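Enquirer: This structure is in structure tokens; I'll ask about it shortly.
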Amino acid sequence: MAFEDCVLEPGKALPVGASLTGWGVNFSVFSRNAYSVTLVLFATPAPDSPYKQWKLDNEINRTGDMWHCHIKWLKAGALYLYLVDGPYIPEKGFRFNCHKSLLDPYAKALTDLRGWDLCSCMGYNPEDPWGDLGFSQREDLHTQPRCVVIDDTFDWQGDRPLNYPLRFSVLYETHVRGLTKHPNSGAAHPGTYRGVIEKIPFFKDLGITSLEFLPIQEFNEQEQTRVNPRTGEPLVNYWGYSTVAFFAPKGSYASDSSLGGQVREFKEMVRELHKAGLEVILDIVFNHTAEGNERGPTFSFRGLDNSIYYILGENKRYYKNYSGCGNTLNCNNPVVRTFILDCLRYWVMEMHVDGFRFDLGSILGRDQQGRLMENPPTLERIAEDPVLRHTKIIAEAWDAGGAYQVGWFPGGRWAEWNDRYRDDVRKYWRGEAHQTRHLATRLAGSSDLYLRDGRKPFHSINFITSHDGFTLKDLVSYSVKHNEENGEYNRDGNDTNYSANYGFEGPSSNILIESVRERIIKNCIATLMVSLGTPMILGGDEIGRTQGGNNNAYCQDNEISWYDWSLLEKNQGLFRFVKEMIAFRLRHPGFMRPEFYTGKDGNYNAIPDISWFDETGKAPDWEAIGPCLALRMDGSKADILADRDDNDFFIMFNAGETKVSFKVCPPWEGKPWVRAIDTSLPTPEDICPLGKEVPLAYPDVYLTQPRSMVVLLSKQFDLNT
């Protein structure tokens, strides 16, 4: 790039970031307490690239707290960083260092992060006896990744976000790289956004509606310093919960390595997924950044205005750490709040995503001193923002600072990851005593959590497994975690998993053990799909993916985490069951009803919308009930909003270790019960396709096998044939 043709002009404060104007690029960046801001342009991404510095005039190039300029004749693909000078007084919260080049928080793409020398980014001198109070004069312009000016023009071919209602959604949590990185994935572009496109036929066959991706905002995979103690290989930041640039899709997930290629390829992925009827939901990490605590690097927010962007302690040298990762974003500072809203709008308006899952979402409800707020403005703004009105917003309703807000998350229309559902279903199918009444509550949509503030059943994101913990196969194969390869002496990860190995720790050649394990897996999937709420499955559970008992594979970019696609053939019976179970849910509005059950007549007749029974056909004694439970669901006007009827259902759960004969309540006249699902039966009898349901040999009783679940539905027969 030739700099001699470029002309510095005053520019404008808005929009923030780097924006094409038609005759150049407008740059704008926030800093309230800086003395000066310098824009640095680079000719190439190479470390030794020629560069030109443009120091901004405090009068001409500043409006309020916004520093801005327009570089005439500059084009898309230009590379830039900032140098910001100001006070370096850590104990007062100021950590400006004019020797440290800074990423634009609004950058839409970065150059390659591989080989990034974070040591050069330290704003202090690590060898100074004063630690972070010391000041580093080491320059890092040649070692820092650069921001890329992006042209947002793209042929969307008429695409718009799909924005399915939550209650009609089945979420599938997956990792972009891990999905296709395994050598047997068959992908021409393994581990990339295009690799995701290649798996669209698989997703369509499975029947899910929405992909929820682990973080794809740019992060530094090489920030880990440990090695795998078994292999000696370096460990990495695989999950990505350590954001470097919130507007930028991850470059290493793109097969297109050209400048800005990751933006185009991400858009291609979204467009093609939407064409196939599949939503895109992003896991987004606004609770902290990759700059860490006072001993961490300075490469963006810290050097632009540390005291504004982070929640600091009384001694402002230190950071309040509600994230467990060293720092906490100051989410309810008005400047940071605007940044968060701008970021979400960008991903919806320019990248066409359908929703967000907010990691450690409770942090967005803390004030500037770190206290939980009753009505957090940031959460309310997100919920009520007109651009985001139909966008899914899902909270992980807790944080590492002790906040736990499941069922209480503020801000109106938020959905929540329901870990109470996860734990109660796990404990029930593990066979723990006194869990049956809790199962009933979760099946009925967790009204104990969501009814009181006017939310609906679909605001509960029901899940049994997620990236954070065991896979479903490991949940039934390991009694304890096995995280030794994480290099933390098996001390990391959750110790409370409510898992079981059913006789042997890990993979087993014992047919009886494996049979029980597969049955419990099917029970979990079936329970998930007949529960009120929005179901989410962990990607790979449908083919029996295992992580070898590792329940915290955040640092494993290898076959521990990658999908082993040979399992699709090996476990085709399991895949078929999950596929049919998803289809079963989506064709029955009774399981997607928009309101909670009342236990009362909902259709001007004597039929309550739900009735509960023990195995004898009597109303349960909820305090003394054993491991067996049955429910009858009235399907008439199951979807009141759409005026749609459904079948009636009689569902039996037996978590015990013995066979149990359930008394089946009488079907309504002309609508006898037929068997749709029995998890104890071998494939393909375990779940019947539409129209292939099996009449009962004995209509008044059903013998359930140990640790099994049975679903009967009413079938209207034509009495004239």
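Enquirer: Between residue 335 and residue 453, what length in nm is gained on full extension when 0.36 nm per residue of separation is reduced by their alpha carbon distance?
Expert: 39.5 nm
Enquirer: R0 = 35 Å: FRET efficiency of residue 3 with residue 492, Cβ-based, nearest 0.05?
Expert: Step by step, r from the Cβ atoms, then E = 0.15.
Enquirer: Would you work out if segment 195-239 is rounded, prolate or oblate? Take a ≥ b ≥ c from the square roots of the eigenvalues of the alpha-carbon gyration tensor; rounded if a/c is under 1.5, else prolate when a/b is larger than b/c, oblate otherwise.
Expert: Prolate.
Enquirer: Listing 414, 429 from the residue with the fewest other Cβ atoms within 10 Å to the one with the most, what is the order?
Expert: The order, fewest Cβ neighbours first, is 414, 429.
Enquirer: Could you tell me the center-to-center distance, by alpha carbons, between segment 651-710 and segment 349-415 in angstrom?
Expert: Taking the Cα centre of segment 349-415 as reference, the centre of segment 651-710 is 42 Å away.
Enquirer: Among 355-362, 7-14, 52-59, how do they line up by average Cβ neighbours within 10 Å per residue, starting with the highest?
Expert: So the order, starting with the most tightly packed, is 355-362, 7-14, 52-59.
Enquirer: Summing -39500 (n - 2.57) over the DSSP H runs of n ≥ 4 in the chain and dividing by its residue number, what mean residue ellipticity at 222 nm do you reach, to the nearest 500 deg cm²/dmol?
Expert: Using -39500 (n - 2.57) per qualifying helix, the result is -5500 deg cm²/dmol.
Enquirer: Now for a different question. Net charge within 11 Å of residue 95 by Cβ-Cβ distance, Lys/Arg positive one each and Asp/Glu negative one each, not counting residue 95 itself?
Expert: That sum, taken over residues with Cβ under 11 Å, equals 0.
Enquirer: Would you please give the FRET efficiency between residue 623 and residue 480, computed as 1/(1 + (r/R0)^6) with r the Cβ-Cβ distance and R0 = 30 Å, to the nearest 0.05?
Expert: Once rounded, the FRET efficiency stands at 0.40.
Enquirer: Could you tell me how far the Cα centroid of segment 186-243 sits from the Cα centroid of segment 493-539, in Å?
Expert: Centre-to-centre (Cα) distance: 23 Å.
Enquirer: Still on this model: Ordered by packing density, taken as the mean number of other Cβ atoms within 10 Å over each peptide's residues, highest first, how do 146-157, 126-137 rank?
Expert: 146-157, 126-137
Enquirer: Once you have all Cα-Cα distances for segment 100-191, histogram them in 5 Å bins from zero and send the whole-percent values.
Expert: The calculated distribution, bin by bin, is 2, 10, 10, 10, 13, 16, 12, 9, 8, 6, 4, 1.
Enquirer: Going by average Cβ density within 10 Å per residue, which order do the peptides 431-439, 578-586 take, highest to lowest?
Expert: The peptides rank, most packed first, as 578-586, 431-439.
Enquirer: Between residue 184 and residue 252, 0.36 nm times their residue separation minus their Cα-Cα distance comes to what?
Expert: Full extension from residue 184 to residue 252 adds 22.5 nm.
Enquirer: Work out how much length residue 76 to residue 295 would gain on full extension: take 0.36 nm times their residue separation and subtract the Cα-Cα distance, in nm to one decimal.
Expert: Residue separation times 0.36 nm, minus the Cα-Cα distance, leaves 75.3 nm.
Enquirer: Out of these labelled values of semi-axes √(5λ) of the Cα gyration tensor in Å, [x] 42, 34, 25; [y] 51, 26, 24; [z] 50, 31, 24, which was calculated from the coordinates shown here?
Expert: [y]
Enquirer: Are there any helices in the chain, counted as whole DSSP H runs, that stretch 27 Å or more along their axis by Cα and score at least -0.5 on average by Kyte-Doolittle, and if so which?
Expert: 511-530
Any read-out appearing in this document is the output of simple, stated calculations on the displayed coordinates, not a laboratory observation. On a predicted model such as this, the values are computed, not experimentally measured, just so you know. All Cβ positions, glycine included, derive from the backbone under ideal geometry; neighbour counts span all protein chains shown.
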